[in-house]
Amino acid sequence: MTIIVTGGAGFIGSNFVFHMLNKYPDYRIICLDCLTYAGNLSTLAPVMDNPNFRFVKEDITNREAVYKLFEEEKPDMVVNFAAESHVDRSIEDPEVFLRTNIMGTAVLMDACRKYGIKRYHQVSTDEVYGDLPLDRPDLFFTEETPIHTSSPYSSSKASADLLVLAYHRTYGLPVTISRCSNNYGPYHFPEKLIPLMIANALNDKPLPVYGKGENVRDWLYVEDHCRAIDLIIHNGRVGEVYNVGGHNEMTNIDIVKIICKELGKPESLITYVADRKGHDMRYAIDPTKIHNELGWLPETKFADGIKKTIKWYLDNKEWWETIISGEYQNYYEKMYGNR
Ligand code: NAD
Ligand code: DAU
């Protein structure tokens, strides 16, 4: 089995590469990643010498290069993690989101059509469903919830999902889609809520909470997401969408307070800043379908997962300190000023 994993130098993709090489020692995993600001080759250092692993630095929108790779490797499957993934960046500058998230998906699927494939899997997001009100805790996103996006990021991901389903119906491409809630864990880029707060708290810097911090996200430990995708690509039904979520809803402010407590830092570091434009209030996934069909359940409780994650950031300071001292610093200063 040869699998092309795009975006494998990013947060979830790298965790998925490790999961697959570990669990299936006879699989060949090809990571296709152009190393944007969010891609980090040092993350993949532990597997670079594995004979079943190959890293290819290339952009998924480069049709010629993608076709060449398919010709060389004749993959059985493609799992597409490659994306621009940060909502705030999409609000600042949507264009690259449209290029990578929509056009890149089309190029990959065209390659699958041209060379044949057993499965194309699209890693999507619960953000395609828009948001839920805070005063209706009885409501959850199911696979039947209408697409109703808020940000340029979620709109680009929803567009890609529609294309994936269209390629299935029109060309019979064997596709699956997973729509997952917020992930956390090792190798999470420190522009996202949890790693940003851990890094800032460790540096005794202010913890910038948007608006009142009341927005709710449904947090899932990254390894649980990787197991879900593993199950879907092997046993999921072609043409189907599977929601993935941990039934673990928390407000942003509660998350930040937990991080302060775990690190022994004062809550006085918390600073309320201007709200995100179009900020989604609440995400909450109903994972009944993947549970009933594929037997998937989250295994890591948040209380354990956040401890493991904080320990990872403490043990791997070099990884994130290199990131926050580099080009990322310009972005940070633009977003939060010189805090
Ligand atoms: P990330 O930003 O950490 O990593 C994205 C990776 O894609 C990087 O390695 C980057 O270099 C690569 N990439 C970007 N543009 C590319 C291009 N044009 N060609 C080749 N490679 C390119 O993202 P993540 O958080 O790991 O998210 C991975 C996927 O999962 C995304 O599709 C995202 O929409 C989806 N998702 C993320 C979450 C989450 O909580 N992080 C939840 C649900 C779904
Ligand atoms: O739900 C899945 C999505 O989760 C993925 O599709 C996205 O790729 C991923 O980035 C994530 O999107 P969010 O916007 O939910 O994640 P983020 O970490 O950017 O923000 C989480 C919440 O925390 C959100 O309500 C905004 C808030 N926030 C974020 C940052 C970076 C803050 O209050 N302060 C911050 O500095």
Looking only at region 24-68, and only at residues there that are buried (at least 20 other Cβ atoms within 10 Å of the Cβ) and touching a residue at least 60 places away in the same chain (Cβ under 8 Å), the one that is nearest to the chain's Cα centre (by Cα): A38
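Suppose we keep only residues that are out of contact with any Pro (no Cβ under 6 Å at 6 or more places or on another chain), part of a loop (DSSP other than H, G, I, E, B) and over 17 Å from Q122 (Cβ atoms) within region 63-99. Which one would you say is farthest from ligand 2 (Cβ to nearest atom)? Lay out the reasoning, then the answer.
If we filter region 63-99 for residues that are out of contact with any Pro (no Cβ under 6 Å at 6 or more places or on another chain), which is where we start, we get 63-89, 91-93, 95-96, 98-99.
Now narrow it down to the ones that are part of a loop (DSSP other than H, G, I, E, B): 74-76, 81-86, 93.
Now narrow it down to the ones that are over 17 Å from Q122 (Cβ atoms): 74, 86, 93.
Numbers: K74: 31, H86: 5, D93: 15 Å.
Among those that are out of contact with any Pro (no Cβ under 6 Å at 6 or more places or on another chain), part of a loop (DSSP other than H, G, I, E, B) and over 17 Å from Q122 (Cβ atoms), it is K74.
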Count of residues meeting criterion [touching an Asp or Glu at 6+ places or on another chain (Cβ under 9 Å) and surrounded by fewer than 23 Cβ atoms within 10 Å (Cβ to Cβ)] in region 220-230: 3
Could you tell me whether any residue of region 270-287 is away from ligand 1 (no atom under 16 Å from the Cβ), farther than 16 Å from L193 by Cβ and surrounded by fewer than 17 Cβ atoms within 10 Å (Cβ to Cβ)? yes
Sort out which residues of region 177-203 are surrounded by fewer than 22 Cβ atoms within 10 Å (Cβ to Cβ), within 16 Å of ligand 1 (Cβ to nearest atom) and over 19 Å from E84 (Cβ atoms), and write them in order of number. P186, A199
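Right, G295: of a type outside the set (V, I, T), touching a residue at least 24 places away in the same chain (Cβ under 8 Å) and away from ligand 2 (no atom under 15 Å from the Cβ) or not? Spell out how you get there, then give the answer.
Values: of a type outside the set (V, I, T): yes; touching a residue at least 24 places away in the same chain (Cβ under 8 Å): yes; away from ligand 2 (no atom under 15 Å from the Cβ): yes.
Against the criterion (of a type outside the set (V, I, T), touching a residue at least 24 places away in the same chain (Cβ under 8 Å) and away from ligand 2 (no atom under 15 Å from the Cβ)), G295 qualifies.
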T309: closer than 17 Å to C226 by Cα and in a helix (DSSP H, G or I), yes or no? yes
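From the list P174, P206, P152, P146, pick out the single residue that is in contact with a Pro (Cβ under 7 Å, 6 or more places away or on another chain) and either without any contact (Cβ under 8 Å) to a residue 60 or more places away in the chain or more than 11 Å from ligand 1 (Cβ to nearest atom) (or both). Even if it seems obvious, please write down each step before you answer.
Working: P174 fails: in contact with a Pro (Cβ under 7 Å, 6 or more places away or on another chain); P206 fails: in contact with a Pro (Cβ under 7 Å, 6 or more places away or on another chain); P146 fails: in contact with a Pro (Cβ under 7 Å, 6 or more places away or on another chain).
On inspection, the qualifying residue turns out to be P152.
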For the condition within 11 Å of ligand 1 (Cβ to nearest atom) and within 21 Å of W312 (Cα to Cα), what is the one hit in A9, A65? A9
Unmet requirement for F141, which otherwise passes all of (1) crowded, with 20+ Cβ neighbours inside 10 Å; (2) away from ligand 2 (no atom under 15 Å from the Cβ); (3) among the aromatic types (F, W, Y): (2)
Pull out all pairs, ordered by first then second residue, where Cβ-Cβ is under 6 Å, the residues are six or more apart or on different chains, the first lies in region 261-282 and is among the hydrophobic types (A, V, I, L, M, F, W, C), and the second is in a strand (DSSP E or B) and within 11 Å of ligand 2 (Cβ to nearest atom). L269/L207; I270/L207; I270/V209; V273/P208
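For a quick check of your reading: which strands (runs of 3 or more DSSP E) sit entirely within region 234-278 and have at least 3 residues that are farther than 19 Å from Y221 by Cα and of a type in the set (D, E, K, R)? Break it down stepwise before answering.
Numbers: elements: 241-244, 249-251, 270-273.
By residue number, no strands (runs of 3 or more DSSP E) qualify.
State which residue is nearest to G10 (Cα to Cα) when the search covers only region 63-86 and only residues that are in contact with a His (Cβ under 9 Å, 6 or more places away or on another chain) and of a type in the set (A, V, I, L, M, F, W, C). Write out each step before concluding.
Restricting attention to region 63-86, the residues satisfying the condition of being in contact with a His (Cβ under 9 Å, 6 or more places away or on another chain) are 77-80.
Retained after the next criterion (residues that are of a type in the set (A, V, I, L, M, F, W, C)): 77-79.
Numbers: M77: 19, V78: 16, V79: 13 Å.
Here the answer is V79.
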Taking into account only those residues within region 286-317 that are touching a Ser or Thr at 6+ places or on another chain (Cβ under 9 Å) and among the charged types (D, E, K, R), which is farthest from R179 (Cα to Cα)? K308
Go through region 283-292 and give me each residue that's in contact (Cβ under 8 Å) with a residue 60 or more places away in the chain and assigned to a loop (DSSP other than H, G, I, E, B). Y283, A284, D286
Selection count where residues are touching a helix residue (DSSP H, G or I) at 6+ places or on another chain (Cβ under 7 Å) and surrounded by fewer than 14 Cβ atoms within 10 Å (Cβ to Cβ), scope region 300-325: 1
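Could you list, in sequence order, all residues of region 152-183 that are assigned to a strand (DSSP E or B) and near ligand 2 (Cβ under 9 Å from one of its atoms)?
To start, the set of residues in region 152-183 that are assigned to a strand (DSSP E or B) comprises 175-180, 183.
Matches in region 152-183: R179, C180, N183.
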With the checklist (1) free of Cβ contacts under 8 Å to residues at least 40 places away in the same chain; (2) touching a Leu at 6+ places or on another chain (Cβ under 6 Å) in hand, flag the one item I4 doesn't pass. (1)
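Read the figures in this text as sums done on the coordinates, not as results from a lab. What you see is a predicted model; the values in this text were computed from it and never measured. Virtual Cβ from ideal backbone geometry, glycine too; neighbours counted across all protein chains shown.
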